[in-house]
Amino acid sequence: MGITPLQLRMGAVAVGSTALAAGGTAAWLGADREHPGRERIAAAGYAPGVIGAAAAVTAGPVAVAMGLARLGNTAAEGSLLSKVGRIAKGTTGLGLAAVAGLVAGTAAVRILGPAAHHAEVRDDQLPEPDMARAKLEADRTYDALDRSKPNLVVWVPGTMRPNTPGEFRDGVQAAMGDAASLVNMPNRPDYQVQQGVADTSNALRLLLTRLEAERRPGQRILLAGESQGAWAMEVALQDPALAKVVDRAVVWGNPGVSPHQHDGAGDGKWLEMSEELDVVGRSLEGSGPMMLDGLTKVFDGDVSQVWRVPATMINNPHETELIAVTGLRLLTPGGYERDPHNYREFEGVAARFLADAPPHQAGATAAAGG
C-alpha cells in the first residue's frame with residue numbers, strides 16, 4: 001500500500017517542526033535579558049509543536065469516537081459523522097507529527113549543542129530595591145519586636161504566605177516559651193519575586209543593623225525564612241558584618257535560582273531544608289532573570305506574557321512534570337498537606353535548632369554562606 005496524502009503531509013510537518021524547534025532551542029540557550037530577541041525566536045520555533053499538541057489533545061478523542069462509530073456502522077461513509085471523523089483523524093495526525101518534530105529538534109540541539117547553563121539570579125542582577133518599602137518593612141518589624149526578650153526571632157515569609165506558619169510558631173513557643181519575641185516581616189504581596197528579594201534583603205540589612213546597635217548582653221537574634229524569604233535572608237547575610245549579628249538561621253524551600261542555595265551547609269549555625277520533589281528548589285536550566293521575569297508576570301496575572309512559558313517548560317521537562325503533579329495534588333482534598341513546598345514536619349526541628357544557639361558573644365561569627 002502506498003503512502004497516503006495524510007502521511008505525506010505529516011512527514012512534511014514533522015520535518016518543518018524539527019527544524020523550527022532546533023532553531024528555537026539554539027536561540028533559547030543563548031537568550032537572556034541582554035538578548036531578548038532570542039526568546040521570541042524560541043517561542044516562534046516551538047509554536048508548531050505547541051499548537052500541534054493542543055490540536056491532537058482536542059481532536060484525538062473525536063477521532064477515536066468517530067472510529068468506534070464507524071466500526072459500529074453508525075457513521076456511514078459520506079455522512080456528516082464520517083467527514084468529522086476524517087477531519088479529526090487528519091488534525092490529530094498532523095498535531096502528533098508537529099509534536100514529534102518538537103521533541104526531535106529540541107533533543108538534537110540539547111544533545112549535540114552547547115550545554116545549557118544553570119539558571120540563577122546573581123545578587124547584581126536583582127532589580128534596584130525600593131528603599132522606601134525596605135525601610136517600611138524594617139520599621140514595622142522593629143516596632144513589633146519585644147526587645148526586652150532574650151531571644152528575638154524574625155520570620156521572613158515566602159511568596160503569598162504572609163503569616164508565620166503555625167507549626168513554627170508553636171515550635172518556638174515550646175522551645176523558648178515567653179523568652180522569645182517572634183515577629184514576621186511584611187513582604188511584597190505578589191509574585192514579583194526578584195523585586196521582593198531586593199526589597200526584603202535591604203529591609204533585613206536595616207533591621208539587623210538597628211538591632212545590633214541596641215542589643216542587650218547575651219541577647220540572641222535568630223532568623224527563619226521560607227522560599228522567597230530564604231533567598232532574601234541569604235542575600236542580606238552575604239555581608240560578613242551582618243552575618244556576625246545573627247546567632248542562628250534556618251531556611252527551607254529556598255528557590256533553585258538563588259546562587260546561595262546550600263551555601264551554609266555544614267556550618268553549624270545555618271540549617272537548610274530542601275525537599276527533592278519541591279519544584280521551587282529545583283535547579284533549572286536557562287537564564288534565571290529571563291525566566292523569572294516571564295513566570296512572575298504570568299503568575300501575577302499578565303496574560304500577555306504567557307508566550308514565554310512553553311520554552312521554559314520544554315527545556316525543563318522533569319520540573320514541568322513536578323509542577324503538573326503538584327498542581328493536580330493541590331486540587332485533591334488535603335492536597336496542600338502533601339505539597340512538597342510545605343515543610344510543616346521540619347518547622348518544629350527548625351525552632352529547636354534556633355533555641356539551641358548559645359548566648360550571643362560580641363565578635364562571634366555567624367554563617368553567611370559563601
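The values are calculated or read from the model by the stated rules, or taken from the named source; none is laboratory data. All values derive from a computational prediction rather than experimental measurement. In this analysis, Cβ positions are derived from the backbone assuming ideal geometry, glycine residues included, and neighbour counts consider all displayed protein chains.
Overview of results
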item	result
Members of region 160-187 that are free of Cβ contacts under 8 Å to residues at least 40 places away in the same chain and either assigned to a loop (DSSP other than H, G, I, E, B) or not assigned by TED's automatic domain parsing to the domain that holds Leu295 (or both)	Met160, Pro162, Asn163, Thr164
The lone exception for Arg9 - which of (1) modelled with pLDDT of 95 or more; (2) farther than 13 Å from Ala100 by Cβ it fails	(1)
Hits in region 58-87 (condition: at pLDDT below 65 and surrounded by 14 or more Cβ atoms within 10 Å (Cβ to Cβ))	Ala75
Unmet requirement for Ser304, which otherwise passes all of (1) over 30 Å from Ala27 (Cα atoms); (2) modelled with pLDDT of 80 or more; (3) over 18 Å from the mean Cα position of the chain (by Cα)	(1)
Within region 212-264, considering residues that are buried (at least 24 other Cβ atoms within 10 Å of the Cβ) and acidic (Asp, Glu), the one farthest from Glu167 (Cα to Cα)	Glu234
Among (1) over 28 Å from Arg205 (Cα atoms); (2) modelled with pLDDT under 75 - the single one Ala362 does not satisfy	(1)
Any hit, region 142-159, residues being more than 15 Å from Leu206 (Cβ to Cβ), among the β-branched types (Val, Ile, Thr) and either crowded, with 18+ Cβ neighbours inside 10 Å or free of Cβ contacts under 8 Å to residues at least 12 places away in the same chain (or both)	yes
